[in-house]
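Shown next, in structure tokens, is the structure this report addresses.
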Amino acid sequence: MKKLLYTTFIALMALGTLAAQERYMDKIFDEVTVTDGVQYGTNVSIISIILGLSETPLPEDLFMDVYEPAGDSLGERPVVIFAHRGDFLPAVINQSPYGSRKDNAVVEMCMDFAKR
């Protein structure tokens, strides 16, 4: 009888664990804090040459947006780096929804990741 109770208890605990919310897998946050326009580097751009504005490539600052769950008490979290396609052209021209960090598809994916 004791063995049956112990086995039943273990089975119930396992079922409870499977039904529990799992951090990073389920959306557990409703609000997201976005830090907009964080400069992470500088690169050279040849667009100035193409447009005839300069004879040499000009430096261009590179920016990112940081999405974090609002109200999270955990000090250390995993980082997801989503690097969009990077051509910075409108979706109509590049045939992709990933032209810049402000495209709707990019923002929606980042919001979704941050809520987990």
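The values are calculated or read from the model by the stated rules, or taken from the named source; none is laboratory data. Keep in mind the model is a prediction, meaning the values are calculated, not measured. So basically every Cβ, Gly included, is an ideal-geometry build from the backbone, and we count neighbours across all protein chains shown. Heads up: the accessible areas ignore ligands, DNA and RNA and are worked out on the full protein's heavy atoms, side chains in. Shrake-Rupley method; radii C 1.70, N 1.55, O 1.52, S 1.80 Å.
Within the set of pairs 6 or more residues apart or between chains, which connect a residue that is more than 18 Å from residue 63 (Cβ to Cβ) inside the range 73-84 to a residue that is open to solvent by 90 Å² or more (accessible area, probe 1.4 Å) with Cβ atoms less than 8 Å apart?
Qualifying pairs under 8 Å: 78/24.
Do any residues in the range 24-37 that are among the hydroxyl-bearing types (Ser, Thr, Tyr) have Cβ atoms under 9 Å from those of residues that are open to solvent by less than 60 Å² (accessible area, probe 1.4 Å) and modelled with pLDDT of 90 or more, where the two are at least six apart or on different chains, and which pairs are they?
Sorted first by the residue in the range 24-37, then by its partner, the pairs are 33/66; 33/67; 33/69; 33/70; 33/114; 35/65; 35/66; 35/67.
Take the residues in the range 1-23 that are within 21 Å of residue 115 (Cα to Cα) and open to solvent by 100 Å² or more (accessible area, probe 1.4 Å), then tell me which one is modelled with the lowest pLDDT.
The extreme case among them is 18.
Quick one: in the range 33-62, which of the residues that are surrounded by 13 or more Cβ atoms within 10 Å (Cβ to Cβ) and at pLDDT 90 or above is farthest from residue 102 (Cα to Cα)?
33
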